[in-house]
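What follows is a single structure, written as structure tokens, with notes after it.
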Amino acid sequence: MPPVPRLALATALAVAAGTLIGAPAHAAVTRVRQGSAADAARTAWSGPAYTMNGSGAVVTATMAKAIDAIRAGSGTIDVAVVAGSAPTSGSKTPECDTIVGLAGVNSCTTLTLTAANDGNNSQANADIRNAEFVYFAGGDQCRYANWKGTALQASVQSVIAKGGGVGGGSAGHHVNSDVVYDACSGSVLSAEALADPYDSYISFTTGMFEWPNYANTINDSHFVTRDRMGRLMAFVARSIKDGLVSGGSAWGVGVEEGASLFIDAAGKATLTGPSAYVVLGDHQPERATAGQPLSFSNFKIWKLANGQTYDFANRPTCGYYLRSVTNGAADANLYSGTPLTTCPPPGGGGASYTEVEPNNSRSAANSIASLTYPATLTGSMSTTSDRDYFATTLGGGQTITVDCAVPSAYDADLYLLNSSGSTLVRSVGNGNGADESLTYTRTASGSTTVYVELESYSGSGPATYSCTVAK
């Protein structure tokens, strides 16, 4: 039967299991419960478990996996579905209509919260805290992001803490990553994001949910159907450039319509449905500046097909294909490629190198002479007096070019020194986030050691710089 609204707190209606109960516990909140009127009684749960869906509808295969993982195959759980608006047609409880019929479900309660302060609604928070799984429906992720700092944020976190689960589709997928593309300024297209990664339609919310094994992620949905690879690349570049992630790397997770990732307590994701993509940016963008097109080399992309897995707890270092963006133009064939099976080791021996401290003097410089060029150097200005040195060789008549993308957390200056430490050429752009570049040609004959030095002029922090060295 359809939902029966409760018009006043004094109205009470006794119903059998499976009947819908409507209760506006707050003027802007609608509450509809299906299944048992009493919560499941249990003291311990076996999650966490997550479902990340590319579109709003519940995917029964991954939802069933999450339910079974949380209850460890016995007993039943309660589910809360959180929505920012009611459907404009059809059932007002489409997610619970599906969930309540699955094995192991005691009840499913739909909570429609239409205002930011509804995140503090006492009845809604009680329902969430008493649930073992919270599902964020599709809709408007800006409304969800606006619940940051309300009681709802802590209530959802408590469900994971007790061994329950969280999931969502479309907007509900977006809100479950570390960095949330909140769309509060509007929805950006891939072409717009690549043309200007600081487009006014691009805005982020951080610090809302940080799930175990899912750090430094940014989710996107309707992925292939709406051609969102380009914009996810821009989101990843922005997350690194602006220091929204730790360690200088960001993982974009794009899920196609009808697809769903089930992530277990150990961090292993398994795909059900058409496709999903993990897009890794592991260095500073060559250019990510307001009003200018994006340049970012060698995004590492893992494509998952139905049944394939990705381990977020032990993130793979191979099996990806590479795609780049140059002056706002992305490579062809973004959604398919031949995975690399032999990948360069991290920290050297290939085209990239991450600084190894201490490297604060020429005598302690990291050697990058064995790298293939162009090479990418990454590191951070960990203190306001930090200096990072990298040593390489330069032959007679050879030219070296160094281009450094500096994050907005600090102002760093770039020098090229000769073997005795004298400055050959320097770049000292003014201001935090000012990129630096230099070029030098050796006119003398023979080979010599030169040092690339990046030093903090002001500021510091864990945000990662990235220097491209070409010879």
task: Determine whether the stretch 332-344 contains at least one residue that is touching a Pro at 6+ places or on another chain (Cβ under 7 Å) and either within 22 Å of T464 (Cα to Cα) or without any contact (Cβ under 8 Å) to a residue 60 or more places away in the chain (or both).
output: no
query: If you go through the stretch 426-440 one residue at a time, do you hit one that is more than 27 Å from A288 (Cα to Cα) and without any contact (Cβ under 8 Å) to a residue 40 or more places away in the chain?
result: no
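What residue, among those in the stretch 103-162 that are at positive phi and free of Cβ contacts under 8 Å to residues at least 60 places away in the same chain, is farthest from the chain's Cα centre (by Cα)?
Here the answer is G104.
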field: Test set (1) touching a residue at least 24 places away in the same chain (Cβ under 8 Å); (2) among the β-branched types (V, I, T); (3) surrounded by fewer than 17 Cβ atoms within 10 Å (Cβ to Cβ) - T43 fails condition number
entry: (1)
field: Test set (1) within 21 Å of the chain's Cα centre (by Cα); (2) crowded, with 16+ Cβ neighbours inside 10 Å - R362 fails condition number
entry: (1)
statement: Listed by range, strands (runs of 3 or more DSSP E) wholly within the stretch 107-201 having at least 2 residues that are of a type in the set (G, A, S) are 165-169
Boolean, A250 is assigned by TED's automatic domain parsing to the domain that holds Y135, of a type in the set (A, V, I, L, M) and touching a Pro at 6+ places or on another chain (Cβ under 6 Å): no
message: Quick check on my filter: what residues within the stretch 415-430 are more than 38 Å from the chain's Cα centre (by Cα) and either part of a loop (DSSP other than H, G, I, E, B) or over 12 Å from E453 (Cα atoms) (or both)?
response: N418, S419, S420, G421, S422
message: Please verify whether G337 is assigned to a loop (DSSP other than H, G, I, E, B), assigned by TED's automatic domain parsing to the domain that holds E256 and not basic (K, R), treating the condition exactly as stated.
response: no
Condition met for W251 (in contact (Cβ under 8 Å) with a residue 40 or more places away in the chain, within 18 Å of V180 (Cα to Cα) and out of contact with any Phe, Trp or Tyr (no Cβ under 7 Å at 6 or more places or on another chain)): yes
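Conditions tested, residue by residue: (1) over 19 Å from Y440 (Cβ atoms); (2) buried (at least 16 other Cβ atoms within 10 Å of the Cβ); (3) touching a Ser or Thr at 6+ places or on another chain (Cβ under 9 Å); (4) not assigned by TED's automatic domain parsing to the domain that holds G248.
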residue	(1), (2), (3), (4)
A369	no, no, yes, yes
A375	no, yes, yes, yes
M381	yes, yes, yes, yes
T384	yes, no, yes, yes
D411	yes, yes, yes, yes
V428	no, no, no, yes
- prompt: Which condition breaks for T393 when tested against (1) touching a Leu at 6+ places or on another chain (Cβ under 9 Å); (2) in a strand (DSSP E or B)?
  reply: (1)
Within the stretch 218-327, strands (runs of 3 or more DSSP E) holding 2 or more residues that are surrounded by fewer than 22 Cβ atoms within 10 Å (Cβ to Cβ): 268-272, 275-281, 296-305, 309-311, 321-326
- prompt: With A444, A412, A463, A434 as the choices, which residue is touching a strand residue (DSSP E or B) at 6+ places or on another chain (Cβ under 7 Å), at pLDDT below 95 and either over 17 Å from Y353 (Cβ atoms) or part of a strand (DSSP E or B) (or both)?
  reply: A434
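Results for (1) among the aliphatic types (A, V, I, L, M); (2) exposed (fewer than 13 other Cβ atoms within 10 Å of the Cβ); (3) out of contact with any helix residue (DSSP H, G or I) (no Cβ under 8 Å at 6 or more places or on another chain); (4) touching a residue at least 60 places away in the same chain (Cβ under 8 Å), shown as yes or no for each residue.
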| residue | (1), (2), (3), (4) |
| --- | --- |
| N366 | no, no, yes, no |
| T372 | no, yes, yes, no |
| R387 | no, no, yes, yes |
| T392 | no, no, yes, yes |
| G396 | no, yes, yes, no |
| S420 | no, yes, yes, no |
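The values are calculated or read from the model by the stated rules, or taken from the named source; none is laboratory data. Quantities reported herein were computed from a predicted structural model and do not represent experimental measurements. Don't worry about glycine lacking a Cβ; one is built from the backbone with ideal geometry, like all the others, and counts go over all protein chains shown.
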